[in-house]
Amino acid sequence: MFKNIKKSRSASDEIFYTQIKKLIGFTPKNLSIYKQAFTHTSLQLKDDKGYPLNFERLEYLGDAMLGSIVASYLYDKVPDANEGYLTQMRSKIVSREHLNELGKDLDLLQYLITRTSKSKIGNNIHGNLFEALVGAIYLDRGFAYCSKFINKKVLS
């Protein structure tokens, strides 16, 4: 009966929803997790239990997801490679430099909500936001969607 009723969102949420949907290539279910992925620690936001609401924990999760999905990809695509080679290749793909490039290419800094001047945050913010986005995708849509995003944006 209520299947076709769309939850009402504010105009700014609707814009963010549209941008995130275009960025990730599929429909996000939980917009708040993507907002958290772009929330800087300078805002000092907390949830109702007093836990921090910022991108750092999502960054941690995204880093782990990137490592495992890239490792699995390399394992399948390079069956004759030894452990040392696979480790070296994974390290290059998920290096800070490469993740910063990806974050810049996707212009993730435009979504960052912060009290600090963006010019003073440092260059690694681009990679940090990319990792946080990957973490948000994983929490929102699961492993398959996360893998799809990483394959499209990192491995293709």
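Which numbered condition trips up Y111, out of (1) under 19 Å from K152 (Cβ atoms); (2) at pLDDT below 95?
With respect to (1) under 19 Å from K152 (Cβ atoms); (2) at pLDDT below 95, Y111 is out only on (2).
Looking at (1) of a type outside the set (K, R); (2) within 18 Å of the chain's Cα centre (by Cα); (3) surrounded by fewer than 19 Cβ atoms within 10 Å (Cβ to Cβ), which one does A81 not meet, given that it meets all the others?
Failed condition: (2).
Inspect segment 138-151 for any residue being touching a Pro at 6+ places or on another chain (Cβ under 9 Å), closer than 22 Å to P28 by Cβ and in contact (Cβ under 8 Å) with a residue 12 or more places away in the chain and give the result as yes or no.
Checking segment 138-151: at least one residue is touching a Pro at 6+ places or on another chain (Cβ under 9 Å), closer than 22 Å to P28 by Cβ and in contact (Cβ under 8 Å) with a residue 12 or more places away in the chain.
Quick check on this structure: which one of T27, T18 is open to solvent by 50 Å² or more (accessible area, probe 1.4 Å), in a loop (DSSP other than H, G, I, E, B), among the β-branched types (V, I, T) and closer than 20 Å to L139 by Cα?
T27
Exactly one of (1) under 21 Å from the mean Cα position of the chain (by Cα); (2) without any contact (Cβ under 8 Å) to a residue 40 or more places away in the chain is unmet by I24. Its number?
(2)
Do you know which residues across segment 134-149 are surrounded by 24 or more Cβ atoms within 10 Å (Cβ to Cβ) and either more than 11 Å from M65 (Cβ to Cβ) or of a type in the set (A, V, I, L, M, F, W, C) (or both)?
Result: V134, A136, I137, C146.
Against the condition of a type in the set (S, T, Y), modelled with pLDDT of 95 or more, closer than 16 Å to F149 by Cβ and surrounded by fewer than 21 Cβ atoms within 10 Å (Cβ to Cβ), how does S91 come out, does it pass?
When the stated conditions are applied, S91 does not pass them.
How many residues are open to solvent by less than 10 Å² (accessible area, probe 1.4 Å) and under 21 Å from L45 (Cα atoms) if we restrict to segment 113-133?
Number of matching residues: 6.
Could you please find all residues in segment 78-121 being more than 20 Å from G135 (Cα to Cα), in contact with a Phe, Trp or Tyr (Cβ under 9 Å, 6 or more places away or on another chain) and small (G, A, S)?
Across segment 78-121, the qualifying residue is only A81.
Kindly indicate whether any position in segment 43-64 is of a type outside the set (A, V, I, L, M, F, W, C) and under 22 Å from S156 (Cβ atoms).
yes
Which ones in segment 95-112 are crowded, with 18+ Cβ neighbours inside 10 Å and touching a residue at least 60 places away in the same chain (Cβ under 8 Å)?
L108, Y111, L112 - these are the residues of segment 95-112 that are crowded, with 18+ Cβ neighbours inside 10 Å and touching a residue at least 60 places away in the same chain (Cβ under 8 Å).
Which one of D13, D48 is more than 14 Å from the chain's Cα centre (by Cα) and part of a helix (DSSP H, G or I)?
Going through D13, D48 in turn, the sole match is D13.
Pairs only if they're at least six apart or on different chains, beta carbon under 8 angstrom, first in segment 50-75 and on the phi < 0 side of the Ramachandran plot, second among the aromatic types (F, W, Y) and surrounded by 15 or more Cβ atoms within 10 Å (Cβ to Cβ); list them, first residue then second.
Qualifying pairs under 8 Å: F55/F38; L61/Y138; G62/F130; G62/Y138; M65/Y138.
The values are calculated or read from the model by the stated rules, or taken from the named source; none is laboratory data. Just so we're clear, the structure is a prediction, and the values are computed from it rather than from any experiment. FYI the Cβ positions are ideal-geometry reconstructions off the backbone, even for glycines, and counts take in every protein chain you see. When the accessible area is computed, the model is the full protein with side chains, heavy atoms only, and any ligands, DNA or RNA have been set aside. Shrake-Rupley method; radii C 1.70, N 1.55, O 1.52, S 1.80 Å.
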